[in-house]
1. Being closer than 24 Å to PHE39 by Cβ and either surrounded by fewer than 14 Cβ atoms within 10 Å (Cβ to Cβ) or not charged (D, E, K, R) (or both) is the filter here; which residues of segment 78-90 pass it?
2. Counting just the residues of segment 17-30 that are part of a helix (DSSP H, G or I) and charged (D, E, K, R), which one comes out surrounded by the most Cβ atoms within 10 Å (Cβ to Cβ)?
3. State all residues of segment 39-50 that are crowded, with 22+ Cβ neighbours inside 10 Å and closer than 18 Å to GLU171 by Cβ; if no residue qualifies, say none.
4. Taking segment 91-106 on its own, how many of its residues are crowded, with 17+ Cβ neighbours inside 10 Å, assigned to a helix (DSSP H, G or I) and out of contact with any His (no Cβ under 8 Å at 6 or more places or on another chain)?
5. Is it true that some residue in segment 55-63 is within 17 Å of ARG9 (Cβ to Cβ), assigned to a helix (DSSP H, G or I), more than 11 Å from the chain's Cα centre (by Cα) and modelled with pLDDT of 95 or more?
6. Can you spot a residue in segment 31-47 that is assigned to a loop (DSSP other than H, G, I, E, B), touching a residue at least 12 places away in the same chain (Cβ under 8 Å), of a type outside the set (Gly, Ala, Ser) and closer than 18 Å to LEU180 by Cα?
7. For segment 65-77, name all the residues that are surrounded by fewer than 17 Cβ atoms within 10 Å (Cβ to Cβ) and either among the β-branched types (Val, Ile, Thr) or in a loop (DSSP other than H, G, I, E, B) (or both).
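The values are calculated or read from the model by the stated rules, or taken from the named source; none is laboratory data. Everything numeric in this text was worked out from a predicted model, so none of it was measured. Cβ placement follows ideal geometry from the backbone for every residue including glycine, while neighbour counts extend to all protein chains displayed.
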Amino acid sequence: MSETMWPTRDHSWQLLNRYTKNPSLIKHALAVEAVMKAFAERYHEDPKLYGHVGLLHDFDYEAFPEIGAHTVEGAKILTAEGFPDVIIEAIQSHVTENNIPRDTWLKKSIYAADELTGFIVAVTLVRPAKSLSEVTPKSVKKKLKDKSFAKGVNRDDVYRGAIGLDMELDELIEFIVQALIPHAHVLDLNP
């Protein structure tokens, strides 16, 4: 099997910034990229592959936020930009309505990372010190029960993401927090 030639990270970064103007969505992409690279290490997979998927998973969301368009229109753009099918399919798999089986660690990881990473960042932002080190599984699970907090986060996706990775929710929360700590400054958080 030949080694896949991935697009450069700079190419992915430029594409993200071409379609995404909202600073919060860009920070979310950076956060999910960091978590995905940690998953790659955990599963002995390619960090470049996982990083591209994390960085670009929502790159088309601002332009195409509707279910049925988000990731579908993005797939067309990614194809035109020369991205390999493995990246495109993994990105599409994080939207349940696309009905793409999550049959690889890559697909399971992006699904688990997306909603919960955003939620953990939201939990951190409301803490006085804005410190990731202060965020615990208990504090995240307490906020998950509060339906008015970060109400755009699909709680079912959070729970199903952990199940798909065969991880306890506490373990997944701690894993994501630890993956984010080295990147706290980029997310305007404290370690």
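1. Taking segment 78-90 first, the residues closer than 24 Å to PHE39 by Cβ are 78, 81, 83-90.
Across segment 78-90, the qualifying residues are LEU78, PHE83, PRO84, ASP85, VAL86, ILE87, ILE88, ALA90.
2. LYS27
3. PHE39
4. Here the count works out to 4.
5. No; the residues of segment 55-63 include none that is within 17 Å of ARG9 (Cβ to Cβ), assigned to a helix (DSSP H, G or I), more than 11 Å from the chain's Cα centre (by Cα) and modelled with pLDDT of 95 or more.
6. Looking for residues that are assigned to a loop (DSSP other than H, G, I, E, B), touching a residue at least 12 places away in the same chain (Cβ under 8 Å), of a type outside the set (Gly, Ala, Ser) and closer than 18 Å to LEU180 by Cα, one finds at least one in segment 31-47, hence yes.
7. Those that are surrounded by fewer than 17 Cβ atoms within 10 Å (Cβ to Cβ) and either among the β-branched types (Val, Ile, Thr) or in a loop (DSSP other than H, G, I, E, B) (or both): PRO65, GLU66, ILE67, GLY68, ALA69, VAL72.
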